[in-house]
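Engineer: Please see the structure below; I have some questions.
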Amino acid sequence: MNTATSLQSIQELKEFTPGQILICSWGYSMTLNNWYVVTRVSKASVWVQEIAGAVSNDHGMGEGRAMPSMDRTPALVFNKDGEKVPAPVRRFKIHTQRASQSIWDSKNQRSIRIWDMKPQYHNSWD
């Protein structure tokens, strides 16, 4: 089994599994995407780390298709001193609905779900 095949099979699972990529699409008049990788799972919780992503097919109009960093490179965030550091690992409570798991990021008011391996619509034109 090659890497693409193993990633496809892990992404098809409806329950969180370490290594699985998650997505959060959000925005009011824009559609932005954040990507995460599952680092650990327990019966009621999942630990995730934000990973980098990229937008393609943007011809200067702020619209394109977004994909995660397939090598799961951590996203860079600013710490309290204003320095860029790898995103921290965060713990969330698992929510199960219709046999599929998701998580709710109450800090940012966003739902995070298992990515379906399709490029996601992106629009930063506000």
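Engineer: Take the cross-link list Lys43/Lys80; Lys93/Lys118; Lys43/Lys118; Lys14/Lys43; Lys43/Lys93 and give me the ones stretching past 21 Å between alpha-carbons. Intermediate results must be reported in sequence, preceding the final value.
Structural biologist: Working: Lys43/Lys80 32 Å; Lys93/Lys118 25 Å; Lys43/Lys118 28 Å; Lys14/Lys43 14 Å; Lys43/Lys93 9 Å.
Beyond 21 Å between Cα atoms: Lys43/Lys80; Lys93/Lys118; Lys43/Lys118.
Engineer: Let me ask something additional. When the accessible area of the range 50-126 is split by element with a 1.4 Å probe, what percent falls to carbon and sulfur?
Structural biologist: Carbon and sulfur atoms account for 50 percent of the accessible area of the range 50-126.
Engineer: Sticking with this structure for a sec: Suppose all protein chains stay in the model; what accessible area per residue would a 1.4 Å probe give for the range 1-80, in Å²? Mind showing how you got there, number by number?
Structural biologist: Values: 4730 Å² over 80 residues.
Accessible area per residue: 59 Å².
Engineer: Around His122, with a cut-off of 11 angstrom between Cβ atoms, what is the net charge of the other residues, counting Lys and Arg +1 and Asp and Glu -1?
Structural biologist: After counting each charged neighbour, the total is -1.
Engineer: Ranked by accessible surface with a 1.4 Å probe, highest first, in what order do His95, His59 come?
Structural biologist: Descending accessible area places them as His59, His95.
Engineer: Moving to a separate point now. Can you sort Trp104, Trp47 by 1.4 Å-probe accessible area, starting with the largest? Show your work: numbers first, answer last.
Structural biologist: On the way: Trp104 115, Trp47 40 Å².
Accessible-area ranking of Trp104, Trp47, largest first: Trp104, Trp47.
Engineer: Can you spot the aspartates and glutamates whose alpha carbon is less than 17 Å from Lys107's alpha carbon? Ignore those fewer than 8 places along the same chain.
Structural biologist: Glu50
Engineer: Okay, next question. Over the range 77-126, what is the mean sequence separation of C-alpha contacts under 8 Å (at least six apart), divided by residue count, expressed as relative contact order in percent?
Structural biologist: In percent, rounded to a whole number, it is 17.
The values are calculated or read from the model by the stated rules, or taken from the named source; none is laboratory data. Please read all numbers here as calculations on a predicted model, not as lab measurements. Virtual Cβ from ideal backbone geometry, glycine too; neighbours counted across all protein chains shown. Note: areas computed on protein heavy atoms with side chains; ligands, DNA, RNA excluded. Shrake-Rupley method; radii C 1.70, N 1.55, O 1.52, S 1.80 Å.
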